[in-house]
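Just below is one structure, and these are the notes that go with it.
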Amino acid sequence: MIKKLLIYNSGGGIGDSIQLFPLILSLENLFEKSEIYYLGAHENHYLGKLKEYNINVKTLDLGLKYFGFRWWHLIAVKKNFLKLELEKFDLIVDCQSKLRNTVILKQIPSKAFYSKTFNNMFCYGLEGQAKNFWSNLKKIDYDIKNIPKKYFDESKRLLPNKNYIGFSLTQGNVYRKKEWSINNIITLCEKLKKYNKVPVFFIEKKKKSLKNKIENIIPDSIFPEHESDISSPALVTCLGKRLDFVISIDNGVMHMLSLGKIPMIVIFGPTDPKKFAPTYKETIILDSKKIYNTSDISKITVEDVLQAVKQFVSF
């Protein structure tokens, strides 16, 4: 019986954590009354910025920063685990496939271990079901009704009407160029405003200069996060439900909005849509690698986006 299990995530962004919502909920459903621990290479967003989503996990803190990314962790992990005086885990689920990280993670005592690394060769204790473990999980999608009501009330106050079109154009990961030109966004807004669409921009409060720049060029645009005392990804998710559709790059906001299953056009460049894009029906993916055979996101044109918009708006 699985009473205590550990999930390992090597990704550090909020989007990486949101993508694990269905896995956590699916494991929770499969192993009822089990304790789920989370070990990340970075901070535990579930107990931080994502806490209002009410994902029920505990943190396994081994005192090893960037866990799994340093070979010396191989020596320290068992020693640090013993200091916590915890019993061995019934199951460890490895959510990544880097050899080094998997080898280090495997040092944590457990009765069963699941990892896709090297075609499941590190799995054990799953009674011959290792290769089917992941695919046999009944997927449980996140229900936004778990978000406190105050966020829905605030989103209605901020966006009380209709005909809103959302835009998210800033990236969190500074190491990959995946932002689409602001000039393209401006051109797009001008065209959509002819059809009485109101542009809504999701821009953090700390990016005030970018907000002011857009506001000067597109005076009727709305920046809901700058008009609220609440600062939370949960608010972004609820605001999404007030929109007709969203145009976004691959970033954390895209994942926040996708929890509401709203219509979305997502622009991809260097990153892989098979790995990061929302998978529900009303998602349109514009991938420069597929359309123009390049990872240069700037090759996606305004006309490309407008053609996609026609699936949501009658021109």
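The values are calculated or read from the model by the stated rules, or taken from the named source; none is laboratory data. Just so it is clear, the structure is predicted and the values come from calculations on it, not from any experiment. Positions of Cβ are backbone-derived with ideal geometry, glycine not excepted, and every protein chain shown enters the neighbour counts. Quick note on the areas: whole protein, heavy atoms, side chains included, nothing else; ligands and nucleic acids left out. Shrake-Rupley method; radii C 1.70, N 1.55, O 1.52, S 1.80 Å.
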Requested in this report: Filter the range 226-260 down to residues that are assigned to a loop (DSSP other than H, G, I, E, B) and either touching a strand residue (DSSP E or B) at 6+ places or on another chain (Cβ under 8 Å) or in contact (Cβ under 8 Å) with a residue 24 or more places away in the chain (or both), then give me how many there are.
Outcome: 12
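A quick yes/no check of all residues on (1) over 25 Å from Val198 (Cα atoms); (2) among the charged types (D, E, K, R); (3) buried (at least 18 other Cβ atoms within 10 Å of the Cβ):
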residue: Gly252; (1), (2), (3): no, no, yes
residue: Thr271; (1), (2), (3): yes, no, yes
residue: Lys281; (1), (2), (3): no, yes, no
residue: Ile300; (1), (2), (3): no, no, yes
Query raised in the report: When only residues in the range 288-315 that are outside any helix (DSSP H, G or I) and among the aliphatic types (A, V, I, L, M) count, which is nearest to Lys191 (Cα to Cα)?
Result: Val313
Report task. Select from the range 50-64 the residues that are of a type in the set (D, E, K, R) and either in contact with an Asp or Glu (Cβ under 9 Å, 6 or more places away or on another chain) or at pLDDT below 95 (or both) and list them in ascending order. Result -> Lys58
Report summary line: Checked pairs for the range 136-161, first small (Gly, Ala, Ser), second open to solvent by 50 Å² or more (accessible area, probe 1.4 Å), C-beta under 8 Å and 6 or more apart or across chains, list as Ser155/Lys241; Ser155/Arg242
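Rundown of residues vs (1) more than 21 Å from the chain's Cα centre (by Cα); (2) crowded, with 22+ Cβ neighbours inside 10 Å; (3) of a type in the set (D, E, K, R), yes/no style:
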{"position": "Trp180", "(1), (2), (3)": "no, yes, no"}
{"position": "Asn184", "(1), (2), (3)": "yes, no, no"}
{"position": "Leu188", "(1), (2), (3)": "yes, no, no"}
{"position": "Lys194", "(1), (2), (3)": "yes, no, yes"}
{"position": "Glu215", "(1), (2), (3)": "yes, no, yes"}
{"position": "Asp220", "(1), (2), (3)": "yes, no, yes"}
{"position": "Pro233", "(1), (2), (3)": "no, yes, no"}
